[in-house]
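Read-outs throughout are calculated quantities, based only on the coordinates presented, and are distinct from any laboratory measurement. From a predicted model like this one, the values you see are computed outputs, not experimental measurements. So basically every Cβ, Gly included, is an ideal-geometry build from the backbone, and we count neighbours across all protein chains shown.
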Amino acid sequence: MNEHEKIAFNDLKVKVQQHEHTITQLVQIIAATNRRITDIGDKYDNKNKYSLT
């Protein structure tokens, strides 16, 4: 592997690591959003259970 290939490989490695970090952040955002949706749904369900209709 020549010097140019080593540089290109390292650049790709850095880009993959950045993408992995971004994906991790997105998964954390989705998880937090899902928890919030579940909490809101549970509150809504509980409110409807005890409401007088």
Residue in the stretch 1-10 that is in a helix (DSSP H, G or I) and among the β-branched types (Val, Ile, Thr) present: yes
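Just a yes or no: is a residue in the stretch 32-51 part of a loop (DSSP other than H, G, I, E, B), of a type in the set (Ser, Thr, Tyr) and without any contact (Cβ under 8 Å) to a residue 40 or more places away in the chain? Spell out how you get there, then give the answer.
Restricting attention to the stretch 32-51, the residues satisfying the condition of being part of a loop (DSSP other than H, G, I, E, B) are 51.
Checking the rest, the ones that are also of a type in the set (Ser, Thr, Tyr) come to 51.
So of that shortlist, the ones also without any contact (Cβ under 8 Å) to a residue 40 or more places away in the chain come out as 51.
Within the stretch 32-51, one or more residues are part of a loop (DSSP other than H, G, I, E, B), of a type in the set (Ser, Thr, Tyr) and without any contact (Cβ under 8 Å) to a residue 40 or more places away in the chain.
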